[in-house]
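Novice: Sharing a structure with you now.
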Amino acid sequence: MTLPPLPGSLPAFPPGFLWGASASAFQTEGAAGTDGKGPSGWDEFAGRPGRIKDGSDGSLGTGFYDRYREDVALLAALGAGAFRFSVSWPRVVPGGTGPVNPAGLDFYDRLVDELCAHGITPVPTLYHWDTPLPLEQAGGWLNRDTAHRFAEYASTVAGRLADRVPMWITINEPAEVTLLGYALGEHAPGRKLLFDALPAAHHQLLAHGLAVAALRAAGAADIGIAVSHTPVLAASDSEQDRFGAELYDTISNWLFADPLLTGAYPDENFAALMPGPVADDLDIISAPLDWYGVNYYNPTLVGAPAPQALDSFSGFEMPGELPFGIRKIEGYETTDFGWPVVPDGLRDMLVGLKRRYGDRLPPLCITENGCSYDGIEDARRITFLDGHLRSLHAAMAEGLDVRGYFTWSLTDNFEWIEGYAQRFGLVHVDYPTMRRTPKDSYHWYREVIRAQRDLRRPLPG
Ligand code: BGC
C-alpha cells in the first residue's frame, strides 16, 4: 500500500477508510426507566452511595435518547462516515431473558434510520457494560447462562436491524469488565474477586463466540469485537518488576486476543482456571472474525506490587494482593485524567499485534481513541488526535491493514466512576441544559475528514 505524505497536513489514508466517532448507551442515553427499559447492573451500581466520584448516577446520560436527532445532525455536519453506538441490552430485553421490549427495539430502529438517512454507517456494539440487572443478580458474567442469553439477545437485535446495519461489534472491552468489575470491584457489579474473577473473562468470550454465530444466522455480516490494548513497559529490569509487567501484559492484552485469534489461552495456567468444557468453548470463541477492533488510550508502566499511593495514580485502587502494580509514566504530557499522551504507543501496539498473530490477524479498526480535556478551546485534544492519526498512518505504512478510526467520543458523556468530570467529547455538553457546543477539535476533525475526501476526488477535467 502506498500512502503519500502531504506536507504540512495529515498524510493520506486509503480510499474507503472509515472516519467515525464512538459512544455507548449507558454513558449517553439517559431515559433510564423510559418506554419499558429495565435496570442494568450499572444503574444499580451507580445508585450506590459514594460509588461515583461527583455524586451523579448516570441516569440522565447526555439525554441522547431524546436528542439523538441532534447528535446525528452533528455527525452529519462533521462529515462522519460511521457512528459507533451501543445497544442497551436491558432496553431491548428488560429481564435479560424472556419478553422483548418493542419500544426499546423501536428506538434503535429510529436511530439506524436517522443515521442511514444522513449517509452515516451505523456500527452498533451489542454490549458496552450494561448487563440487565436480573442477570447480574444471578451472577452476571460469572454465570455461563449469561453467555447464552447474550446470544439470544444478539439474534433479536440482528433480526430487526441487519437489513440496514452493515457492520457489527459484539462486546466492548471484556478485559475492563473482568478486571474493574469483577476482580477489583471498582466498576459494576462491584465484585472484588481478584483471580477468582477469571470465569467472567471466559464467559464474555463465549458470549462473543455464540453471538457471532447468532448474528450470522440472523443475517448479519461484517462482525468484529472491540478489545482494549496497551503496550506494557516494565518499571525496571528487576526480576519482580519484569514478572509483574509480563503478567499484566498477559491479562490485559493476550487473555482475550489469543483465544479470539488463535483459539488458545496464552498460558496453560489461565486455561486451567477457566470453567466449563474449555477446549470446546475455544472452538466457538475463535470463530473467524471479519475484523478486529482495537481501543487504544496509552501505554502502561507496570512493576511489582506498589504502595497504594502510587497505584492510585491509575485512577483505581489496586489491592496489594495482586502481583503487579501500575506506575506513573514520567516525561509525557498527561490528559485531565492523568493518562500519558504517547501517540507512538498506537503504532507500537499495532505492529506488536501483527508480529504476534501474523496472517491470523484480521483487518483492524480503531474502535476507540481519545482523551479527556476540559474546555471548548481544546487545542490539546487536536494535538492528541493529530499525533495518534500520524502514528496510525505510520503503522499502516508498515503494512497494517486498518479499515477505520473511531474517536472516543462524539460528545462529552458519563465517564463511569468519574461521573461527568472527565470530558472526552468533540462536542461539549452543558449538563444542566444538555446544550451541545462543538469544540475546536470538532471543527478540526471535520477539516481532516473533508481533506481526506478531497484527496480522493478526481481533479476537474
Ligand atoms: C471505554 C469507554 C470509556 C473510555 C474512557 C473505554 O475503556 O470503552 O466507555 O469512556 O474508555 O475511559
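The values are calculated or read from the model by the stated rules, or taken from the named source; none is laboratory data. Bear in mind the structure is a predicted one, so any value in this text is a computation, not a measurement. Heads up, the Cβs are rebuilt from the backbone with ideal geometry, glycines too, and the neighbour counts pull from every protein chain shown. Please note that ligands, DNA and RNA were not included when accessible areas were found on the heavy atoms of the full protein model with its side chains. Shrake-Rupley method; radii C 1.70, N 1.55, O 1.52, S 1.80 Å.
Novice: When only residues in segment 364-386 that are in a loop (DSSP other than H, G, I, E, B) and open to solvent by 40 Å² or more (accessible area, probe 1.4 Å) count, which is farthest from the ligand (Cβ to nearest atom)?
Specialist: Across segment 364-386, the extreme among qualifying residues is E377.
Novice: Considering only residues of segment 333-347 that are away from the ligand (no atom under 13 Å from the Cβ) and either among the polar types (S, T, N, Q) or more than 19 Å from the chain's Cα centre (by Cα) (or both), which is most open to solvent (accessible area, probe 1.4 Å)?
Specialist: E333
Novice: Just the residues that are without any contact (Cβ under 8 Å) to a residue 60 or more places away in the chain and either open to solvent by less than 10 Å² (accessible area, probe 1.4 Å) or small (G, A, S) (or both), please, taken from segment 69-104.
Specialist: The answer is V72, A73, A76, P90, G95, G96, G98.
Novice: Also: Which condition from (1) in a loop (DSSP other than H, G, I, E, B); (2) within 12 Å of the ligand (Cβ to nearest atom); (3) of a type in the set (A, V, I, L, M) is the one that I417 breaks?
Specialist: (1)
Novice: Assess whether T156 counts as being closer than 25 Å to L115 by Cβ and open to solvent by 10 Å² or more (accessible area, probe 1.4 Å).
Specialist: Answer is yes for this residue.
Novice: When you check L135 against the structure, is it under 24 Å from I52 (Cα atoms) and surrounded by fewer than 22 Cβ atoms within 10 Å (Cβ to Cβ), yes or no?
Specialist: Considered against the rule, which asks whether it is under 24 Å from I52 (Cα atoms) and surrounded by fewer than 22 Cβ atoms within 10 Å (Cβ to Cβ), L135 comes out as no.
Novice: Check off (1) away from the ligand (no atom under 16 Å from the Cβ); (2) modelled with pLDDT of 95 or more; (3) among the aliphatic types (A, V, I, L, M) for A23 and give me the number that stays unchecked.
Specialist: Of (1) away from the ligand (no atom under 16 Å from the Cβ); (2) modelled with pLDDT of 95 or more; (3) among the aliphatic types (A, V, I, L, M), only one is false for A23: (1).
Residue-wise test of (1) in a helix (DSSP H, G or I); (2) under 19 Å from P94 (Cα atoms); (3) within 16 Å of the ligand (Cβ to nearest atom); (4) in contact with a strand residue (DSSP E or B) (Cβ under 9 Å, 6 or more places away or on another chain).
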| residue | (1), (2), (3), (4) |
| --- | --- |
| Q27 | yes, yes, yes, yes |
| G30 | no, yes, yes, no |
| G55 | no, no, no, no |
| Y65 | yes, yes, no, no |
| L74 | yes, no, no, yes |
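Novice: While we're on this one: Hey, can you tell me all the residues within segment 32-46 that are open to solvent by less than 50 Å² (accessible area, probe 1.4 Å) and more than 16 Å from the ligand (Cβ to nearest atom)?
Specialist: Within segment 32-46, A32, G36, K37, G38 meet the criteria.
Novice: Find all pairs meeting these conditions: Cβ atoms under 6 angstrom apart; at least six residues apart or on different chains; first residue within segment 345-370 and under 23 Å from S409 (Cα atoms); second residue charged (D, E, K, R).
Specialist: Hits for this filter: P363/D401; P363/R403; C365/R403.
Novice: Please indicate, with yes or no, whether at least one residue in segment 105-114 is more than 16 Å from the ligand (Cβ to nearest atom), among the basic types (K, R) and open to solvent by 10 Å² or more (accessible area, probe 1.4 Å).
Specialist: yes
Novice: Now, a different point. Could you please let me know if R390 is of a type outside the set (A, V, I, L, M, F, W, C) and away from the ligand (no atom under 14 Å from the Cβ)?
Specialist: It is true that R390 is of a type outside the set (A, V, I, L, M, F, W, C) and away from the ligand (no atom under 14 Å from the Cβ).
Novice: Now, a different point. Regarding segment 391-413, can at least one residue be identified that is assigned to a helix (DSSP H, G or I), open to solvent by less than 30 Å² (accessible area, probe 1.4 Å), of a type in the set (D, E, K, R) and closer than 28 Å to W42 by Cβ?
Specialist: The answer is no, given that none of the residues of segment 391-413 is assigned to a helix (DSSP H, G or I), open to solvent by less than 30 Å² (accessible area, probe 1.4 Å), of a type in the set (D, E, K, R) and closer than 28 Å to W42 by Cβ.
Novice: Within segment 115-127, how many residues turn out to be open to solvent by 30 Å² or more (accessible area, probe 1.4 Å) and either out of contact with any Gly (no Cβ under 9 Å at 6 or more places or on another chain) or among the hydroxyl-bearing types (S, T, Y) (or both)?
Specialist: 4
Novice: Mind checking which pairs have a first residue in segment 171-200 that is of a type in the set (S, T, Y) and assigned to a helix (DSSP H, G or I) and a second that is open to solvent by less than 10 Å² (accessible area, probe 1.4 Å) and away from the ligand (no atom under 12 Å from the Cβ), Cβ under 6 Å, 6 or more apart or different chains?
Specialist: These pairs meet every condition: T178/A197; T178/A200; T178/A201; Y182/A197; Y182/A200.
Novice: Would a scan of segment 373-391 turn up a residue that is among the polar types (S, T, N, Q) and closer than 21 Å to V294 by Cα?
Specialist: Yes, there is a match, as at least one residue in segment 373-391 is among the polar types (S, T, N, Q) and closer than 21 Å to V294 by Cα.
Novice: For segment 384-399, check the following and say yes or no: at least one residue is in contact with a strand residue (DSSP E or B) (Cβ under 9 Å, 6 or more places away or on another chain) and within 20 Å of I225 (Cβ to Cβ).
Specialist: Checked segment 384-399: at least one residue is in contact with a strand residue (DSSP E or B) (Cβ under 9 Å, 6 or more places away or on another chain) and within 20 Å of I225 (Cβ to Cβ).
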